[in-house]
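S.K.: Here it is, the structure in full.
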């Protein structure tokens, strides 16, 4: 469904992606792991068109995203941002129903609000939260609202950018479970980037290890522990010694 | 030796090129904003909110600024006029000075301080917290949703702010004139009205529209191009206010040349 072929991206002299090749099948939950600054977010944002690759090809359902009609293309996606990226000036329900209140998916406000409250309930939040503003929510609640917004328009593809960063282990576990449940329930294709190994084991069908701008290893999550790949072994066991240089 | 002589020139050249590049980027940004006027959708609700934020909520600061300036202007003109027995020109000079120059410029500078900073800080924060990226993923163009409503609201609200500021400034001069300078109330008002022409007022309002466009465009441009973190947003905010203020003063001179040069 999503295919990245020889994707390169540099910011000045910093070559972030140096030939990324990756395929994510329909309905599959792919988790990309890798250290901080290895280009995971850049890869994800390149698929969404938020960052334009210098070279290479990114296809969704065989269509080159560079030639896709933007609105129709983006309508297929939902995204949970690392910090939630909720709009401060809007109450929670308008954040969740944002896509349903404008553009091609626009519907009456009352209907959009009902859908927003239903999605909030789906992520474990009470209807009373709907009228609060993002600044009145805890970090965990903001993540849930972000998740509700990502699934509000029932997208085919959902991206999760560091979904558990900044959360306590219990809340991180709750978010991981929610993501897994929702992805399975909706039959959506998911692409997650994280360096939280608990998230990887909870969310992933397949795992890809990004290092030095290329995918070093990819395979089913069940094979991750016996991969024999020195980069992956060092990363998942959190060892300071190995091929990945650890700055002390 | 040659290097020592040429390196300051090279640095100066780099500065000039950098400045020209920014000017070009701002011009393209402003043009891009205007093209969205004719490309739907238009977010009316955002436009309405910005009209209130930029226009209505700026009234107190503009009103107070022009009130005190009108009063001070009356005192100055009286004191200056007394040197050649021309104290009677106070009402007409206050009125003309206010509507042609001080009203639009002071309103522009005060709105630049209040609005350009707030727009740059808001959009800059949205950028560093990925809210702009979130807008894009939700199929909403940031230029349409954030920039155009602000620029349009500022451009339309400023002439009205200027007109209200003019009236309050003239009133400030009037209060000082009758209470401190012993002017007759009816004579002061008659003098004000007799010497004021419609073009004096409309030229000031046209200046106001230009200043409103500058203020919002600078706020949006520097917000959208904000650097990362608190320092990036702070720097964007400061630069937006400084750039807007300088451009207002430069544009004021150009428009004055255009409207009033013999």
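The values are calculated or read from the model by the stated rules, or taken from the named source; none is laboratory data. The structure displayed is predicted, hence computed values, not measured ones. Every residue, glycine as well, gets a Cβ built from its backbone with ideal geometry; the counts of neighbours run over all protein chains shown.
S.K.: Within the stretch A:1-82, which strands (runs of 3 or more DSSP E) (wholly inside it) include 1 or more residues that are under 27 Å from residue A:238 (Cα atoms) and without any contact (Cβ under 8 Å) to a residue 60 or more places away in the chain?
M.R.: The qualifying strands (runs of 3 or more DSSP E) are A:14-24.
S.K.: State whether the residues of the stretch B:61-75 include one that is touching a helix residue (DSSP H, G or I) at 6+ places or on another chain (Cβ under 9 Å), farther than 22 Å from residue B:255 by Cβ and outside any helix (DSSP H, G or I).
M.R.: No, because not a single residue in the stretch B:61-75 is touching a helix residue (DSSP H, G or I) at 6+ places or on another chain (Cβ under 9 Å), farther than 22 Å from residue B:255 by Cβ and outside any helix (DSSP H, G or I).
S.K.: Give me a count of the residues in the stretch A:107-138 that are away from chain B (no Cβ under 13 Å) and surrounded by fewer than 18 Cβ atoms within 10 Å (Cβ to Cβ).
M.R.: 17
Conditions tested, residue by residue: (1) touching a strand residue (DSSP E or B) at 6+ places or on another chain (Cβ under 9 Å); (2) at pLDDT below 95; (3) under 25 Å from residue A:176 (Cβ atoms); (4) away from chain B (no Cβ under 11 Å).
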| residue | (1), (2), (3), (4) |
| --- | --- |
| A:31 | yes, no, yes, yes |
| A:34 | yes, yes, yes, yes |
| A:38 | yes, yes, yes, yes |
| A:44 | yes, yes, yes, no |
| A:48 | yes, yes, yes, no |
| A:73 | yes, yes, no, no |
| A:81 | yes, yes, yes, no |
| A:92 | no, no, yes, yes |
| A:105 | no, yes, no, no |
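S.K.: Residue by residue through the stretch A:204-228, note down the ones that are over 20 Å from residue A:4 (Cα atoms) and buried (at least 19 other Cβ atoms within 10 Å of the Cβ).
M.R.: A:224, the sole residue that qualifies.
S.K.: Got a number for residues in the stretch B:118-150 being touching a residue at least 40 places away in the same chain (Cβ under 8 Å), facing another protein chain (nearest Cβ under 9 Å) and farther than 17 Å from residue B:45 by Cα?
M.R.: Final tally of qualifying residues: 4.
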